[in-house]
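Student: Below are the structure tokens for one structure; questions will follow.
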């Protein structure tokens, strides 16, 4: 089996969440959701890609804003008011965890990193919709290549 090579920040977040109980995971996910505004697009910033849309997997519009500096990626995410808490949490986590990662690292991300963070129980409850953001981020990076 292939061992994923996650960016260091993502590995640290995965290790942290894997050490938590289900209740502690929910508390920390809520904390990340509450700080999702930190990752909103910066006004007057020129992004290399702005992908703003409402997909069927989401209740509201989600925008992926990608800036590439010296082959390192920086994401910001805009979300409408109806975007669910778990999506907001994952947006914060992924923006933080992928900050400064290489294009190749983002493209190599596997969906299982999401279940490692949120836990199998929430994965079952939320089905495939929780993979939405990571798929959009990989797509954004591959579109810019």
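Student: Checking residue 32 against (1) touching a helix residue (DSSP H, G or I) at 6+ places or on another chain (Cβ under 9 Å); (2) closer than 13 Å to residue 91 by Cβ; (3) free of Cβ contacts under 8 Å to residues at least 60 places away in the same chain, only one condition comes out false. Which one?
Tutor: All conditions pass for residue 32, except number (3).
Student: Could you check, for region 100-118, whether at least one of its residues is in contact with a strand residue (DSSP E or B) (Cβ under 7 Å, 6 or more places away or on another chain), touching a residue at least 12 places away in the same chain (Cβ under 8 Å), closer than 15 Å to residue 131 by Cβ and surrounded by 12 or more Cβ atoms within 10 Å (Cβ to Cβ)? Before the answer, list the steps.
Tutor: If we filter region 100-118 for residues that are in contact with a strand residue (DSSP E or B) (Cβ under 7 Å, 6 or more places away or on another chain), which is where we start, we get 100-103, 106.
After this cut, where a residue has to be touching a residue at least 12 places away in the same chain (Cβ under 8 Å) as well, the list is 100-103, 106.
Okay, now just the ones that are also closer than 15 Å to residue 131 by Cβ, so 106.
Next, from what is left, pick out any that are surrounded by 12 or more Cβ atoms within 10 Å (Cβ to Cβ): 106.
Yes, the conditions are met somewhere in region 100-118.
Student: Looking at (1) surrounded by 22 or more Cβ atoms within 10 Å (Cβ to Cβ); (2) modelled with pLDDT of 90 or more, which is the only condition residue 133 fails?
Tutor: It is condition (2) that residue 133 fails.
Student: Let me ask something else about it. What do you reckon, is residue 116 assigned to a helix (DSSP H, G or I) and either within 19 Å of residue 16 (Cβ to Cβ) or over 12 Å from the mean Cα position of the chain (by Cα) (or both)? Steps first, answer last, please.
Tutor: Working: assigned to a helix (DSSP H, G or I): yes; either within 19 Å of residue 16 (Cβ to Cβ) or over 12 Å from the mean Cα position of the chain (by Cα) (or both): yes.
It is true that residue 116 is assigned to a helix (DSSP H, G or I) and either within 19 Å of residue 16 (Cβ to Cβ) or over 12 Å from the mean Cα position of the chain (by Cα) (or both).
Student: Then there's this: Within region 46-71, which residues are in contact with a strand residue (DSSP E or B) (Cβ under 9 Å, 6 or more places away or on another chain), surrounded by 11 or more Cβ atoms within 10 Å (Cβ to Cβ) and not in a strand (DSSP E or B)?
Tutor: Result: 47, 48, 54, 55, 58, 60, 61.
Student: Tell me which of these residue 81 doesn't satisfy, since it passes every other one: (1) surrounded by fewer than 18 Cβ atoms within 10 Å (Cβ to Cβ); (2) at pLDDT below 95; (3) touching a helix residue (DSSP H, G or I) at 6+ places or on another chain (Cβ under 9 Å).
Tutor: (3)
Student: Okay, moving on. Could you grab me the full set of residues in region 35-45 that are in a helix (DSSP H, G or I) and either buried (at least 17 other Cβ atoms within 10 Å of the Cβ) or in contact (Cβ under 8 Å) with a residue 12 or more places away in the chain (or both)?
Tutor: Residues of region 35-45 in a helix (DSSP H, G or I): 36-39.
Answer for region 35-45, where residues must be in a helix (DSSP H, G or I) and either buried (at least 17 other Cβ atoms within 10 Å of the Cβ) or in contact (Cβ under 8 Å) with a residue 12 or more places away in the chain (or both): 36, 38, 39.
Student: Oh, and also: With respect to residue 123, is the statement that it is at pLDDT 85 or above and either in a helix (DSSP H, G or I) or surrounded by fewer than 20 Cβ atoms within 10 Å (Cβ to Cβ) (or both) true?
Tutor: no
Student: All but one of (1) modelled with pLDDT under 95; (2) more than 15 Å from the chain's Cα centre (by Cα); (3) part of a loop (DSSP other than H, G, I, E, B) hold for residue 23; state the number of the condition that does not hold.
Tutor: Only one criterion in (1) modelled with pLDDT under 95; (2) more than 15 Å from the chain's Cα centre (by Cα); (3) part of a loop (DSSP other than H, G, I, E, B) is unmet by residue 23, namely (3).
The values are calculated or read from the model by the stated rules, or taken from the named source; none is laboratory data. Everything numeric in this text was worked out from a predicted model, so none of it was measured. Glycine gets a Cβ as well: all are built from the backbone with ideal geometry, and neighbour counts include every protein chain shown.
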